[in-house]
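Following: one structure in structure tokens, then a few remarks.
Read-outs throughout are calculated quantities, based only on the coordinates presented, and are distinct from any laboratory measurement. Computed from a prediction, not measured in an experiment: that's the story for all the values here. Neighbour counts are summed over all protein chains in view; Cβ atoms, including those assigned to glycine, are modelled from backbone coordinates with ideal geometry.
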Amino acid sequence: MSKAIHFNKPGGPEELHLVDVTVGEPGAGEIRIRHKAVGLNFIDVYHRTGLYPLEMPHGLGMEASGVVEAVGAGVTHLKAGDRAAYASAPPGSYCEARVMPAKNVCKLPDNIDFDTGAAMMLKGLTVQYLLKRTLPQGGLQAGDLILFHAAAGGVGLIACQWAKALGYQLIGTAGSDEKCALAKANGAAHVINYAKEDFEARVKDITGGKGVKVVYDSVGKDTWDKSLNCLSPFGLMASFGNASGPVASFAPGILGAKGSIYVTRQTLFTHIATREVNQHMAEDLFEVVGNGQVKIHIDQRYPLAEVAQAHRDLEARKTTGCTILTV
């Protein structure tokens, strides 16, 4: 048996319920894992509200760490007793134990603890594919200026540090002076408090009117139009989230008028569709965390039973860094 969070219909945090579930044996290509910690991400809110629909009832959560208890037929990269961590579909990590596909589960290096492993997989792999695989025309070189929204969040703080390690100058936006200071302390070259300043005007000022080669945007509706205006000619708008709501439809012609710019909508699970690519990206993440270039900030911890409050705080933008659920 396992304690797990399920919901029966889309809605607010009050729809999340702690239930008892039976955990069986893994089938072919599956493992059973006993969790040590579980990560919280904004995609969990999208699933809960129905923005990303799921069949009901359903579990929630996309990342966790723990110990492998059993492996099914055909699983060769893991064995019982292995320390492991993952970012993986289908949702269901908000639990003590589960049977799940093995494809996206990776051995967790001994120098990375379980809490860090649970907090970093989805967010860290997201930063990996953004900074290493989602690049503007001609790529990025040391010294290039990039714009990254929500720079004090879990993804943002990893991006600040990793971008600095790669030699990029990250311009980070956040909604308070405290969050801006946090992004700055983690490697952002410039910070903009969008609650007080027009980030478009500030980006133009920082770049001498040239704009940036790429904008990485998980906010969506509220930042979209001005973000396009921050791009230099042939720049790339890389959308990877909708924290403020989905972006409205737009006429492709505006992309030409704004400098022949590019737009892409990325998702992590396209990038980690094969075990080989997932493992390569994870090893890249493990290296920068293991050598100290990227520190994973776990600023909030909630017991599994208090997940509804965790969701309320996340949606109210009361959180910084990463949040984990303890099991």
### Where labels lie 7 Å past Cα in the beta-carbon direction, separation of ALA80 and HIS17 in nm
3.4 nm
### Task
Using 0.36 nm per residue of separation minus the Cα-Cα distance, give me the extension gain between ASN8 and LYS295 in nm, one decimal.
99.7 nm
### Task
Any chance you could run the full-extension gain for ARG312 through ARG133? It's 0.36 nm times the residue separation minus the Cα-Cα distance, nm to one decimal.
61.2 nm
### Message
If I take R0 = 35 Å and measure r between the Cβ atoms of ALA73 and GLU287 in this structure, what FRET efficiency does the formula 1/(1 + (r/R0)^6) give, to the nearest 0.05?
### Response
0.65
### Estimated inter-spin distance, GLU55 and MET1, nm [label 7 Å along Cα→Cβ]
2.6 nm
### Query
Among ARG202, ARG265, what is the fewest-to-most ranking by other Cβ atoms within 10 Å?
ARG265, ARG202
### Query
Given that just one value was derived from the coordinates, which of [x] 33, 57, 11, 0; [y] 32, 60, 7; [z] 31, 51, 14, 3, 0 is P(r) over Cα pairs in 20 Å bins from 0, in percent?
[x]
### Query
Between PHE234 and THR326, what is the spin-label point distance in nm, taking each point 7 Å from the Cα along the Cα→C-beta axis?
5.3 nm
## Note on the structure
Rounded to 0.05, the calculated FRET efficiency for the beta carbons of LEU255 and ASP177 at R₀ = 30 Å is 0.30
### Message
At a 10 angstrom cut-off on C-beta neighbours, averaged per residue, how do the peptides 291-301, 316-326, 140-150 rank from highest to lowest?
### Response
140-150, 316-326, 291-301
### 19 Å reach of a label modelled at LYS221, 7 Å along Cα-to-Cβ, counting backbone N of region 302-318
312, 314-318
